[in-house]
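Q: Okay, handing you the structure first.
The values are calculated or read from the model by the stated rules, or taken from the named source; none is laboratory data. As the structure is a computational prediction, the values presented were derived from the model and not from experiment. FYI the Cβ positions are ideal-geometry reconstructions off the backbone, even for glycines, and counts take in every protein chain you see.
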Amino acid sequence: MSLKRSEDLSDLERTKAELKKLMDYSLDIICTTEKKRRFLNVSAAALKIWGYLPDELIDKPYLDYVYPEEYDLTNKATIEITGEASKTNIENRYIHKQFGCTHYMVCELG
């Protein structure tokens with residue numbers, strides 16, 4: 001293996017370790033989603049804020065966790081965010097596993 005390839009792999013592993021720390025220790029929920037609107041990655045803060053372990057959310061549609069009265073608003077905002085619109089965040093309520101409703105803001109970073 002060439003020295004350059006070895007350095008690239010080392011950088012990749014370092015980046016993965018830093019990302020894992022961010023996901024494990026962030027006080028905010030950080031998540032990624034895919035085109036079918038399912039969670040791909042969810043930070044550990046989901047347990048404290050929403051009452052769900054990250055593994056309970058991964059591969060589930062995130063709209064399933066939006067407060068029912070705000071489903072249409074969130075769905076519309078999601079379409080705007082994922083398109084070319086200038087909208088970059090949504091503030092709405094999510095369903096906490098044990099306590100019902102919780103407020104939360106979702107920010108999309110291009």
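Q: In this structure, is Ala46 loosely packed, with under 13 Cβ neighbours inside 10 Å, hydrophobic (A, V, I, L, M, F, W, C) and out of contact with any strand residue (DSSP E or B) (no Cβ under 7 Å at 6 or more places or on another chain)?
A: Answer is no for this residue.
Quick grid of which residues meet (1) part of a helix (DSSP H, G or I); (2) modelled with pLDDT under 90; (3) more than 12 Å from the chain's Cα centre (by Cα):
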residue: Leu9; (1), (2), (3): yes, yes, yes
residue: Arg14; (1), (2), (3): yes, no, yes
residue: Lys21; (1), (2), (3): yes, no, yes
residue: Lys36; (1), (2), (3): no, yes, yes
residue: Phe39; (1), (2), (3): no, no, no
residue: Leu47; (1), (2), (3): yes, no, yes
residue: Glu69; (1), (2), (3): yes, yes, yes
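Q: With the requirement that a residue be exposed (fewer than 14 other Cβ atoms within 10 Å of the Cβ) and in contact with an Asp or Glu (Cβ under 7 Å, 6 or more places away or on another chain), what does the range 24-42 give you?
A: Listed by number, the list holds a single entry, Leu40.
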